[in-house]
């Protein structure tokens, strides 16, 4: 049963089109930043981008668990948990992105 799930998952990944460059996403190295605020912002953008691209994969994995459960309650529960925690991760990532934006606005000093 596990081999079948793995084969289905691998076939799906091969058919899954990943278009990072066509969406205009650029990941810049955070080391080239000039101050600590830029470093934090670039690291947050990097992590946020990774979360955004990995979340659909986890939702699909959870869906595969639901589809291939065969009525077993433990597999259904596992699929639901995977989807639930993927969505919780997205909410946390969005909150962190918002907090960094607020801190960035609060720390700005007007030049005289």
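Below, the figures for the structure above:
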| item | result |
| --- | --- |
| Calculated FRET value between residue 4 and residue 87, using beta carbons and R₀ = 35 Å, to 0.05 | 0.85 |
| Relative contact order %, region 58-104, counting alpha carbon pairs below 8 Å whose residues are six or more apart | 36 |
| Highest to lowest packing among 56-64, 99-107, scored as the average C-beta count within 10 Å | 56-64, 99-107 |
| Separation of the residue 73 and residue 103 label points, Cα + 7 Å toward Cβ, nm | 4.4 |
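Computed from the coordinates by the stated procedures, all read-outs in this text should not be read as laboratory data. Nothing here was measured: the structure is a model prediction, and the numbers come from that model. Don't worry about glycine lacking a Cβ; one is built from the backbone with ideal geometry, like all the others, and counts go over all protein chains shown.
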